[in-house]
1. Kirkwood hydrodynamic radius of the chain from all distinct Cα pairs, in Å?
2. So if each residue of separation counts as 0.36 nm, and I subtract the Cα-Cα distance between Leu88 and Arg29, what length gain in nm does that give?
3. Just to be sure I understand: with springs between alpha-carbon atoms less than 10 Å apart, which residue in Gly11, Gly39, Gly138 has the highest mean-square fluctuation in the Gaussian network model of the chain?
4. State, as an integer percentage, the relative contact order of the chain based on alpha-carbon contacts under 8 Å between residues 6 or more apart.
5. Taking the Cα centre of the chain as origin and charging only Cβ (+1 Lys, Arg; -1 Asp, Glu), how large is the dipole, in debye to the nearest 20?
6. Dividing the Cα convex hull volume of segment 125-198 by residue count, how many Å³ per residue is that?
7. Asn60 label point, 7 Å along Cα→Cβ, cut-off 20 Å on backbone N: hits in segment 176-193?
8. Given the rule -39500 (n - 2.57) for each run of at least 4 DSSP H residues, summed and divided by the residues of the chain, what is its mean residue ellipticity at 222 nm, to the nearest 500 deg cm²/dmol?
Amino acid sequence: MVNIIEADQLGKRNGLPDNLRELLKKYPRDTWGDDILNGNWVGYWLGRHSVFKEISLAINQSLQKILDNNISINKFLNDYVQLMNLMLKNLNSHHTVEDNYIFPKFSQKIEKFSYGLDLLENDHHLIHSSIDNVILEGNSLIKTINNNKTLDIKKVVGSYKVVNDEFNKLLMAHLNDEEDLLIPLVVKHGENYFNLGH
Ligand SMILES: [Fe+2]
Ligand SMILES: [Fe+2]
């Protein structure tokens, strides 16, 4: 894997770097038709991305409810633990499949996109560091809540939310850029060219 330059790192860049946008300019999002979006592999893959967006949204809603006093502490803790486990399990398997199975299929066929695929793989490492931090802070949040029922819940959840928001931002940016890099390749060449399956 090559080194990813600082300005192209997830969290520092704003969308795909210019040198990886050539095909996206030719095939922008609003031209991706249903035939592409519902393709055997693309349909399945975007479905996985939707799962992450739904879990993220549910975690955010849960955090907002406890901040607004609209949910019991026990319900919040139960929901949070379940959702975070779901996020972790799904992220691990999704990234493993992409790194070991999907990205190599693209790089075998399109040599000049290897930097883009390395960039996405590097994103995965940064996302995993970020979620490790989220889990650490989440565990400490749970412990603090369990050990002290009279604490200022808004204050502790509020400071946890900062870390959660940062993770969310990275994950959403990654999903977006990954789609912007890979789907135009599928639009141009078709799924069969890359021998994609799921
Ligand atoms: Fe990914
Ligand atoms: Fe992905």
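A short reminder: the numbers here are calculations on the coordinates, not readings from a lab. If you're wondering where the values come from, they're calculated on a predicted model, not measured in any experiment. As a convention, Cβ positions derive from the backbone with ideal geometry for all residues, glycine included, and neighbour counts pool all protein chains shown.
1. Evaluated over the chain, this radius sits at 18.3 Å.
2. This chain segment gains 18.4 nm when fully extended.
3. Highest fluctuation of the listed residues: Gly39.
4. The value is 41 percent.
5. 580 debye
6. 104 Å³
7. 176-180
8. -24500 deg cm²/dmol
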